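The values are calculated or read from the model by the stated rules, or taken from the named source; none is laboratory data. None of the values given here were measured: they were computed from a predicted structure. Note: ideal-geometry Cβ built from the backbone for every residue, glycine included; neighbour counts use all protein chains shown.
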Amino acid sequence: MKFTVDTFRQWPNKRITLLGMSGVGKTRIANKLMHGNWFHYSGDYRIGTRYLDEPILDNIKQKAMQIPFLNDLLRTDSIYICNNITVENLKPVSSFLGKLGNPERGGLPLDEFKYRQELHRQAEIAAMNDVPGFIKKACNLYGYQHFINDAGGSVCDLDEQNVLTTLAEHTLILYIKASEKNEKELIRRAERDPKPLYYRERFLDEQLSTYLQEQQINYIAQMDPDDFVRWIFPKLFYSRIPRYEAIAKKYGYTISTDELAAVEGEDSFIALIEAAIARTS
């Protein structure tokens, strides 16, 4: 949705989609607003609890079945395994995505990795298409006045136009652009703790070919999974920036991580959005 400052102020039920890389502060501000009159919709939580719940559990069970003691208990239905996904703990989702490389170091072969990547892509598309329904549910069922969509960092890489038009039709899209200082910190964080990520298939193929050549590696099974994530993260980060910016230019507005960090509550958050709208007028 596009607004003037006045029409935004007059909008009685504000609905915001937060867009940006993981780590820019989307969940932090959503949690802060949730204690007021805002419904917090987490795209990643929806993915894990609704669309990837069974594949995640199957992956965990497959690992458990390799342990004789647990194998016997699972086969006799003596124990069961369930997910404990929360908005703050999405590790089961990332553990399912996995990393590419040497199986002895926890890596996945390329075919399995791409299969899981596509499952995640379809799940994220579905989770974003659920936003209009949850907007109604947040108001009619739970009585929240406002709605905030904490979208995953890979929304810009889905290459699914319908997702963007749906979000733009029902919410104000707010892109959180990392400052130079925050860019460096996000990259340092990825180097310290390399986590599984979603990659567009074409981007993955191009970067994987370059990595193998640079490292003089002949087979993916020889790759160190963590080393590849560390190597590719800065490239992924900078490849997403123009995609975020294009979405914000066409459908929404842009704020910086420095501006967001200064937000203390609902009033200052609303004021920040108004400032972003005014900048585009």
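Just one of (1) surrounded by 15 or more Cβ atoms within 10 Å (Cβ to Cβ); (2) touching a residue at least 60 places away in the same chain (Cβ under 8 Å); (3) hydrophobic (A, V, I, L, M, F, W, C); (4) more than 25 Å from Asn89 (Cα to Cα) trips up Val229, so point out which. Unmet for Val229, out of (1) surrounded by 15 or more Cβ atoms within 10 Å (Cβ to Cβ); (2) touching a residue at least 60 places away in the same chain (Cβ under 8 Å); (3) hydrophobic (A, V, I, L, M, F, W, C); (4) more than 25 Å from Asn89 (Cα to Cα): (4). Please count how many residues of region 7-53 are among the charged types (D, E, K, R), without any contact (Cβ under 8 Å) to a residue 60 or more places away in the chain and within 19 Å of Ile176 (Cα to Cα). Final tally of qualifying residues: 1. Selection of first residues in region 170-193 that are closer than 16 Å to Leu19 by Cα and modelled with pLDDT under 95 and of second residues that are surrounded by fewer than 18 Cβ atoms within 10 Å (Cβ to Cβ) and among the charged types (D, E, K, R), restricted to Cβ pairs under 6 Å at least 6 apart or on distinct chains, gives the following pairs, ordered by first then second residue: Ser179/Asp258. Looking only at residues in region 59-88 that are out of contact with any helix residue (DSSP H, G or I) (no Cβ under 7 Å at 6 or more places or on another chain) and among the aliphatic types (A, V, I, L, M), which one is surrounded by the most Cβ atoms within 10 Å (Cβ to Cβ)? So, considering only residues that are out of contact with any helix residue (DSSP H, G or I) (no Cβ under 7 Å at 6 or more places or on another chain) and among the aliphatic types (A, V, I, L, M), the one surrounded by the most Cβ atoms within 10 Å (Cβ to Cβ) is Ile60.
Any chance you could count how many residues in region 86-125 are part of a helix (DSSP H, G or I) and within 17 Å of Ile56 (Cα to Cα)?
Initial filter on region 86-125 (part of a helix (DSSP H, G or I)): 91-97, 103-105, 110-125.
Next cut, within 17 Å of Ile56 (Cα to Cα) only: 91-97, 112-124.
Final tally of qualifying residues: 20.
Keeping to region 142-165, report how many residues are surrounded by fewer than 18 Cβ atoms within 10 Å (Cβ to Cβ) and touching a helix residue (DSSP H, G or I) at 6+ places or on another chain (Cβ under 9 Å). So the count comes out to 5.
Is it the case that some residue within region 103-118 is over 19 Å from Arg230 (Cα atoms), of a type outside the set (Lys, Arg) and crowded, with 21+ Cβ neighbours inside 10 Å?
Looking only at region 103-118, we keep the residues that are over 19 Å from Arg230 (Cα atoms), and these are 111-112, 115-116, 118.
Right, trim to of a type outside the set (Lys, Arg) and you get 111-112, 115, 118.
Right, trim to crowded, with 21+ Cβ neighbours inside 10 Å and you get none.
No, that holds for no residue.
The residue list Ile255, Ile217, Ile270, Ile247 contains one member that is of a type in the set (Val, Ile, Thr) and over 19 Å from Arg15 (Cα atoms), which is Ile217.
Going through region 62-104 one residue at a time, which ones are basic (Lys, Arg) and either more than 30 Å from Tyr41 (Cβ to Cβ) or modelled with pLDDT of 90 or more (or both)? Selection gives Lys63, Arg75, Lys99. Would it be correct to say that Ala271 is among the small types (Gly, Ala, Ser), in a helix (DSSP H, G or I) and free of Cβ contacts under 8 Å to residues at least 24 places away in the same chain? Answer is yes for this residue. Look at (1) touching a Phe, Trp or Tyr at 6+ places or on another chain (Cβ under 9 Å); (2) at pLDDT 95 or above; (3) surrounded by 18 or more Cβ atoms within 10 Å (Cβ to Cβ); (4) assigned to a helix (DSSP H, G or I) and you find that Met128 fails only one, number (1).
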